[in-house]
Amino acid sequence: MAEAGSNPRVEELSRAANDAVARGALDSAEHLWGQVRSLAPSHPKALLFLGQRKLHRRDVRGARELLERAGASAPGDPIIWLNLAFAHRALGDSAAEMAALNRALAADPYCYLALLAQGNLLERAGNLRKAARVYANVLKIAPPAERLLPDVRTAMARARQVVEETSRALDGILLEKLGQQGGQAPPNRPDRMAEARAAMLGTGKIYKSEASLLQIPQLPAVPYFDRSHFPWLASIEAATDVIREELLSLLASKKEDFKPYVHYEAGAPLNQWVELNNSLRWSTLFLWQQGRQIQEHCALCPRTVEALQSVPLASIPDAEPVVMFSALEPHTRIPAHAGITNARAVVHLPLIIPGNCRFRVGNEVREWKEGEAWVFDDTIEHEAWNDSDRLRVIMIFNVWNPFLTEAEQTQAATLISGFYEFYGES
């Protein structure tokens, strides 16, 4: 946290106040921080401590005033915003409480106490499903229970309970949906789909899984699939020239419709996506998005749409098909990442390849060549480079993993769509 000024007396009093806090002499610390504030009215540590003391005494409005001043002085300190959220909670202002928690998470996306408070707020609002999603993230990053204060330990136990109860509720709905397919419930013996369901619910584990949503166990981990699994590849490759012609028309007339592919909201952990978040350096234009045909774009690409009729696109309610043009600006790298499910396979049809454009899946690196498609498992770590001086564009679409049976395709679609429906993400 930033210190206010370099006044030697302020620094001396601050050290004494910190020492008093460490000894548990809170009244003495309060007096010392009060002296600091008299010399440096915007000192964020003084404002934070004094605000916390007012919260402890239930002087909530006084606490809010001090904590708001502290936030203005040190907007990058998540603990200030967390305490301000507590003040808003005590005043019954849920909207302001959520805004303060969002500020805390924007300052530190891994502030587990802010995530815990956010889950609690969602739970109090009656939105247990969203609360469970937040609580699940808290459980991943919080310290072990023995290192937590008693009140936090109790709140974490409640978070775990909500996650487990919500998982059971989702499991019941998914089992019912699966049972409606042919009137038969899933077999009692462990199988790929049962393991996949357990992994999706968080009640089981598939080792070496890379999928972020639905991992189908016992599928071959094949970086690039053999072309023999996809007899229709030749027909889509034969349409490369007409597809490219329509793409060039889109780039000329609808370039503004190409949107950043990576777009995380404020406060989300960006990890490897810091440079590409909300950036047009990697942009896409969709023909089909989340299972819905984008009529305006398809109307401008009639021959592309016609060529795609020969392709058995994956179909999942409110999720697939997905068909898009993916544009990568010069000297841009897409960092290593993995996809949401190995139930599908991803097809790349290279359309504009200026050279020096590479793609890695697992240990295998290939160079795109215009008109030569490949199909890969995007749950295996992969990354891409455009090291040229010109734009690179490929068409991307998804089909089913060739090693899934038709019955498993149907069950995978049910699991994924049921998951999105349950959490209202369709």
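How large is the charge dipole for the range 8-163, taken about the Cα centre, if only the Cβ atoms of Lys, Arg (+1) and Asp, Glu (-1) carry charge, to the nearest 20 debye? Write down the numbers at each step before the final one.
Working: 23 positive and 15 negative charges, 97 e Å.
Charge dipole of the range 8-163: 460 debye, to the nearest 20.
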Open item on the list: With unit charges on the beta carbons (Lys and Arg positive, Asp and Glu negative) and the dipole taken about the Cα centre of the chain, which residue among 409, 166, 13 sits farthest to the positive side?
Closed with: 13
Task: MRE, 222 nm, helices only [DSSP H, n ≥ 4, -39500 (n - 2.57), over the chain, to nearest 500] - done: -15000 deg cm²/dmol
- [ ] Take each of the peptides 216-223, 115-122, average the number of other beta-carbon atoms within 10 Å over its residues, and list them starting from the highest.
- [x] 115-122, 216-223
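Among 363-371, 236-244, what's the highest-first ranking by average C-beta atoms within 10 angstrom per residue? Walk me through the intermediate numbers first.
Numbers: 363-371: 14.1, 236-244: 17.0.
Sorting 363-371, 236-244 by mean packing, highest first, produces 236-244, 363-371.
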Task: Cα-based reach from residue 45 at 17 Å (exclusive), listing aspartates and glutamates while leaving out same-chain residues under 8 positions away - done: 3, 11, 12, 19, 27, 30, 65, 68, 77
Task: Charged-residue dipole, Cβ positions (Lys, Arg, Asp, Glu), the chain about Cα centre, Debye nearest 20 - done: 1420
Open item on the list: Beyond a 31 Å Cα-Cα separation, which of these cross-linked pairs lie in this structure: 205/369; 140/369; 177/205?
Closed with: 205/369; 140/369
Task: Those aspartates and glutamates that a straight Cα-Cα span of less than 18 Å connects to residue 130, excepting residues fewer than 8 apart in one chain - done: 97, 164, 165, 171, 265, 421, 425
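Charges at C-beta only: +1 for Lys and Arg, -1 for Asp and Glu. How large is the resulting dipole of the range 227-420 about its Cα centre, in Debye rounded to 20?
Values: 16 positive and 25 negative charges, 43 e Å.
Rounded to the nearest 20 debye, it is 200 debye.
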Open item on the list: Name the residue from 347, 380, 332 whose Cα lies farthest towards the positive end of the charge dipole of the range 291-426, charges +1 on Cβ of Lys and Arg and -1 on Cβ of Asp and Glu.
Closed with: 332
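If each residue's Cβ is checked for other Cβ atoms within 10 Å, how do 55, 349, 213 rank with the fewest at the top? Numbers along the way, then the final one.
Numbers: 55 20, 349 25, 213 17.
Fewest-to-most Cβ neighbours within 10 Å comes out as 213, 55, 349.
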- [ ] Calculate how steeply helix 192-201 sits against the longest principal axis of the alpha-carbon atoms of the chain, using the helix alpha-carbon long axis, and give the answer as 0 to 90 degrees to the nearest 10.
- [x] 30
TODO: For the chain, find the longest principal axis of its Cα atoms and tell me its angle to the long axis of helix 94-107, 0 to 90°, nearest 10.
DONE: 80
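What is the gain in length, in nm to one decimal, between residue 224 and residue 175 on full extension, counting 0.36 nm per residue of separation less the C-alpha to C-alpha distance?
Details: separation 49, 0.36 × 49 = 17.64 nm, distance 3.27 nm.
Additional length available on full extension: 14.4 nm.
If you keep only loop residues by DSSP, which chymotrypsin sites (Phe, Trp or Tyr not before Pro) in the range 264-334 have at most 16 other Cβ atoms within 10 Å of their Cβ? Display every interim value, and only then the final one.
Values: sites: 264, 273, 282, 286, 288, 325; in loops: 264.
Loop-located and lightly packed - 264.
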TODO: Report, to the nearest 10°, how far helix 240-253 tilts away from the longest principal axis of the Cα atoms in the chain, using its own Cα long axis and a range of 0 to 90°.
DONE: 40
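Any read-out appearing in this document is the output of simple, stated calculations on the displayed coordinates, not a laboratory observation. Treat the numbers as computed from the prediction; the structure is a model and nothing was measured. Reconstructed Cβ throughout: ideal geometry from the backbone, glycine too, with neighbour counts over all protein chains shown.
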